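**Q** Can you read through this structure? Questions will come right after.
Please treat every number below as a calculation from the coordinates, not as lab data. Just so it is clear, the model here is predicted, and its values are computed rather than measured. As a convention, Cβ positions derive from the backbone with ideal geometry for all residues, glycine included, and neighbour counts pool all protein chains shown.
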2 protein chains.
Amino acid sequence: MSNLNIYTKKLRESSLRPTRQRLKICEVLFSPDKTFHFTINDLTKILEEKLSEKISLATVYNTVHAFKKKGYLKEISINSDKSYFDTNVTDHHHFFDEDTNELIDCGDKEIDSINIKKNITGKKIKSVEVLIKVATDNQNQN
Amino acid sequence: MSNLNIYTKKLRESSLRPTRQRLKICEVLFSPDKTFHFTINDLTKILEEKLSEKISLATVYNTVHAFKKKGYLKEISINSDKSYFDTNVTDHHHFFDEDTNELIDCGDKEIDSINIKKNITGKKIKSVEVLIKVATDNQNQN
DNA sequence: ATTTACATTAAAATAATTCTAAACTGTTGA
DNA sequence: TCAACAGTTTAGAATTATTTTAATGTAAAT
Ligand SMILES: [Mn+2]
Ligand SMILES: [Mn+2]
Ligand SMILES: [Zn+2]
Ligand SMILES: [Zn+2]
């Protein structure tokens, strides 16, 4: 199946029509051979570079959220003013480099599986994420 | 030592003078026998209820951030528009109830200790946090 | 008591995100 | 084929959390 068909399928499955703008977003998100992390701002900058015509912020937000809802993108929990997204939607954890504000994958094999002994009555576990914050070892003396 | 002296000490150690407003914030944060989670908005509402005089939002933000920097408060990573803080500054993990937007502690004993087999060269681990998102088991059919 | 440094505050600024409403385009069925 | 409809794009406005500003007030040092 051609990339274009793959993108169209993903869009249709997300209840979105395959428009010019959305196909361009797909190309940026899903054609690289490596998965990656991005903010809406990152994605918009990449799109502006690759694209002759402008693409509106609202369209980027809408499309990313639709993909997230469908499970084609994942949002990462970080205390930050902006949201981070991940094209790697498999279960995995993250390092967050506080110096560079960069997310780094931590595969399932690099961390022992999390065993939770408590449960919340009436509630089901939707996700379990480990976030490991790292920084250069400056002994941060207040 | 009286509560008042404890608050004054915490403030001084955070390089803050013990003013009327800040002592009130301390009372709300540090007098309950149980630790709790809050947003700036929560805290402001509590203060408004307890207080005759108004306290400015800027003061709440400044004081909370100073306490966080000193380690008297902890910020919790959640994908949300607002920041969550915790008066429990010991190492522990969290459940986040997506229905109610409520944080629930998950003590160290309720989760096996996290063993990380990977490290980032030149970087030191600052924190390891597990966030378990839960929700009522509605089978969320897109 | 006077001086100084720090604090409080209302209001403005900033920044991420969402909403609005008008113009546009893909899709469908007559 | 093509009108009609439903969904889409967009610029800009609105919203919301947070930070900054700058004028005024207060704690602490002398
Ligand atoms: Mn923040
Ligand atoms: Mn968000
Ligand atoms: Zn990742
Ligand atoms: Zn907690």
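**Q** For the stretch A:12-51, what is the convex hull (Cα atoms) projected area averaged across all directions, in square nanometres? Mind showing how you got there, number by number?
**A** On the way: hull surface 12.9 nm².
Dividing the Cα hull surface by four gives the mean projection, 3.2 nm².
**Q** Regarding the stretch B:3-83, what are the three Cα extents along the principal axes, ordered largest first, in Å?
**A** Computed over the Cα atoms, the extents are 36, 28, 26 Å.
**Q** Amide H of A:CYS106: which non-local residues (sequence gap of 5 or more, or other chain) have their own amide H closer than 5 Å, using H built in the peptide plane?
**A** A:HIS93, A:HIS94, A:PHE95
**Q** Once you list every other residue whose beta carbon is under 13 Å from the beta carbon of B:LYS126, what net charge do they have if Lys and Arg are +1 and Asp and Glu are -1?
**A** -3
**Q** Amide H to amide H, which residues 5 or more places from B:LYS124 or on other chains are under 5 Å from it, using H placed in the peptide plane?
**A** Result for B:LYS124 returns A:ALA135, A:THR136, A:ASP137.
**Q** Counting trypsin sites (Lys or Arg not before Pro) as exposed when in a DSSP loop with at most 14 other beta carbons within 10 Å, what is the longest stretch of chain A free of them?
**A** A:83-116
**Q** Short version: what are the Cα gyration tensor semi-axes of chain B, square root of 5 times each eigenvalue, largest first, in whole Å? Don't jump to the answer; show the numbers that get you there.
**A** Values: eigenvalues 184, 88, 38 Å².
Semi-axis lengths for chain B are 30, 21, 14 Å.
**Q** Could you give the size of the charge dipole of chain B about its Cα centre, using +1 on the Cβ of each K and R and -1 on the Cβ of each D and E, expressed in debye and rounded to the nearest 20?
**A** 1160 debye
**Q** Shortest first and in nm to one decimal, what separations exist between A:PRO18 and its copies in the other chains, measuring from label points 7 Å along the Cα-to-beta-carbon line?
**A** 7.0
**Q** Explain nothing, just the number: relative contact order of the stretch B:90-140, from Cα pairs under 8 Å at least 6 residues apart, as a whole percent. The partial results should precede the final answer.
**A** Numbers: 46 pairs, mean separation 24.0, N = 51.
About 47 percent, as a whole number.
**Q** Given the stretch A:62-112 reduced to its alpha-carbon atoms as identical point scatterers, what log10 I(q)/I(0) does the Debye formula return at q = 0.14, 0.20, 0.22, 0.27 Å⁻¹?
**A** Scattering profile of the stretch A:62-112, log10 relative to I(0): -0.40, -0.76, -0.88, -1.10.
**Q** To one decimal in nm, how far is A:LYS50 from the same spot in the other copies, if labels go 7 Å from Cα toward Cβ? Please give the shortest first.
**A** Relative to the other copies, A:LYS50 has label-point distances of 5.2 nm.
**Q** Now for a separate question. Quick one: length gained pulling B:ILE125 to B:ASP99 fully straight, 0.36 nm per residue minus the C-alpha distance?
**A** Stretched fully, the B:ILE125-B:ASP99 segment lengthens by 6.2 nm.
**Q** List the GluC sites (Glu not before Pro) within the stretch B:20-80 that DSSP assigns to loop and that have no more than 14 neighbouring Cβ atoms inside 10 Å.
**A** The qualifying sites are B:GLU53.
**Q** While we're on this one: For the stretch B:116-131, just list the computed ³J(HN,Hα) in residue order, Karplus coefficients 6.51, -1.76 and 1.60, θ = phi - 60°, integers in Hz, with x standing in for Gly and Pro.
**A** 9, 9, 10, 9, 9, 4, x, 10, 10, 6, 9, 6, 10, 10, 9, 10
**Q** In nm, one decimal, shortest first: how far is the label point of A:PHE30 (7 Å from Cα along Cα to beta carbon) from the matching points in the other copies?
**A** Output for A:PHE30: 5.4 nm, nearest copy listed first.
**Q** Pop out the ³J(HN,Hα) list for the stretch B:39-44 in order, Karplus 6.51 cos²θ - 1.76 cosθ + 1.60 with θ = phi - 60°, rounded to Hz; leave Gly and Pro as x.
**A** 9, 4, 5, 4, 4, 4
**Q** Counting only other chains, and only Cβ atoms inside 10 Å, what mean value do you get across the residues of A:90-97?
**A** On the way: counts 0, 0, 0, 5, 0, 7, 3, 3.
Rounded to a whole number, the mean comes out at 2.
**Q** For the protein assembly as shown, what is one quarter of the convex hull surface built on the Cα atoms, given in nm²?
**A** It is 18.9 nm².
**Q** Once you place label points 7 Å from the Cα toward the Cβ at B:ILE40 and A:ARG17, how far apart are they in nm?
**A** Spacing of the two 7 Å Cα→Cβ label points: 4.2 nm.
**Q** Quantify how strongly other chains surround peptide A:106-115 by giving the mean number of their Cβ atoms within 10 Å of each of its Cβ atoms.
**A** Values: counts 4, 2, 0, 2, 5, 6, 6, 2, 6, 4.
The per-residue average across the peptide is 4.
**Q** If you don't mind, another one. Of all alpha-carbon pairs in the stretch A:90-140, indicate the percentage at a distance above 15 angstrom.
**A** Distances greater than 15 Å cover 58 percent of the Cα pairs.
**Q** Follow-up question, since we're still on this one. Of all DSSP beta bridges in the stretch A:90-140, what percent run antiparallel (nearest 5)?
**A** Bridges in the stretch A:90-140 that DSSP calls antiparallel: roughly 55 percent.
**Q** Shielding of A:74-80 by partners, i.e. mean partner chain Cβ atoms within 10 Å per residue? Walk me through the numbers before you get to the answer.
**A** Numbers: counts 0, 1, 2, 9, 3, 9, 3.
Across A:74-80, the average partner-chain Cβ count within 10 Å equals 4.
**Q** Pull up all non-local amide H partners of B:THR39: gap of 5 or more, or a different chain, and H-to-H distance under 5 Å with H placed in the peptide plane.
**A** B:PHE85
**Q** Residue-wise, which Karplus ³J(HN,Hα) couplings in Hz belong to the stretch A:79-93, taking 6.51 cos²θ - 1.76 cosθ + 1.60, θ = phi - 60°, and x for glycine or proline?
**A** Going residue by residue, I get 7, 7, 6, 10, 7, 9, 10, 9, 7, 8, 9, 6, 5, 7, 10 Hz, with x marking Gly and Pro.
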